[in-house]
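Each reported figure results from applying straightforward, stated rules to the coordinates on display, with no laboratory input. Computed from a predicted model, the values in this text were never measured in an experiment. Neighbour counts are summed over all protein chains in view; Cβ atoms, including those assigned to glycine, are modelled from backbone coordinates with ideal geometry.
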Amino acid sequence: MTSRINRSALVLAAVGMFIGSSVLSGVAFAGNKHVEEAVEHANGAATHGKEGHADACVQHAEEALKHAKGSGVKNPHMDEGIKHLSEAVKHGKAGHADACTEHASGAATHLAEAK
């Protein structure tokens, strides 16, 4: 009888750990989803900037900036990515598609390393 109780407790604990780890890894993945979105939009900004579309470069850079700031990731690559995105927005709003492109591309590189 004691053996059954111990076995049941062990199974229950294992199931609890499995469910708990799944929930926690889901939270971690949600943070990385923001980083992935930031990289995607930073690359989109660079693509539009190369085509001379400063306004579209700004739109993507602003969206990337929202995701980067919302990711919760704290490291030097994320900080540099955010700086580059801010510069991309500033230059793109001034109509400088080439500078927007450079900064968006730099941001994408740093953000990809921030994961």
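When you go through (1) loosely packed, with under 15 Cβ neighbours inside 10 Å; (2) in contact (Cβ under 8 Å) with a residue 40 or more places away in the chain; (3) more than 14 Å from the chain's Cα centre (by Cα) one by one for His96, which number turns out not to apply?
The one condition His96 does not meet is (1).
Looking at region 76-103, which of its residues are under 21 Å from Asn32 (Cβ atoms) and touching a helix residue (DSSP H, G or I) at 6+ places or on another chain (Cβ under 6 Å)? First the steps, then the outcome.
Looking only at region 76-103, we keep the residues that are under 21 Å from Asn32 (Cβ atoms), and these are 76-85.
Those that are under 21 Å from Asn32 (Cβ atoms) and touching a helix residue (DSSP H, G or I) at 6+ places or on another chain (Cβ under 6 Å): His77, Met78, Glu80, Gly81, Ile82, His84, Leu85.
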